[in-house]
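Just so it is clear, none of the values below were taken in a lab; they were calculated from the coordinates. Given the structure is predicted, the values throughout are model-derived calculations rather than measurements. Glycine also receives a Cβ, built like all others from the backbone with ideal geometry; neighbour counts cover every protein chain displayed.
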Amino acid sequence: MTASYLENLLQQRLAERHAQHRYRSRSVLASAQQARVVADGKPFLSFCSNDYLGLASDPRLVRALQQGAERWGV
């Protein structure tokens, strides 16, 4: 199997996925992970975040993490 054959096969399979609307693309978050996020330029309510309590951006938690990293390293 040559590299050119494999490349052509992959291109064909990708084209098939596009035609069947089965091509997967990832959304990119443009905001911090919170209850409300901006993905691909649009605002959304996020129900799939591990940060359902909103602690990831809590200044007290961020400060504690920084202090821990300074004291014990990362």
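Quick one: helix 59-72 against the long Cα principal axis of the chain, what's the angle to the nearest 10°, folded into 0 to 90? Between the helix axis and the principal axis of the chain, the angle is about 90 degrees. Given the options Arg13, Arg63, Arg26, state which has the largest fluctuation in a GNM of the chain using a 10 Å cut-off (strictly under) for Cα springs. Checking each option, the largest mean-square fluctuation is seen for Arg13.
Relative to the longest principal axis of the Cα atoms of the chain, helix 3-19 runs at roughly 70 degrees. With each label modelled as a point 7 angstrom along the Cα→C-beta vector, the Arg22-Asp58 pair spans 4.4 nm. Could you give the Stokes-Einstein D for the chain in µm² per second, using the C-alpha Kirkwood radius, 10 °C, 1.306 mPa s? Rounded, D is 97 µm²/s. Per-residue ellipticity at 222 nm computed for the chain from its helices equals -14000 deg cm²/dmol, with DSSP H segments shorter than 4 residues left out and the rest contributing -39,500 (n - 2.57).
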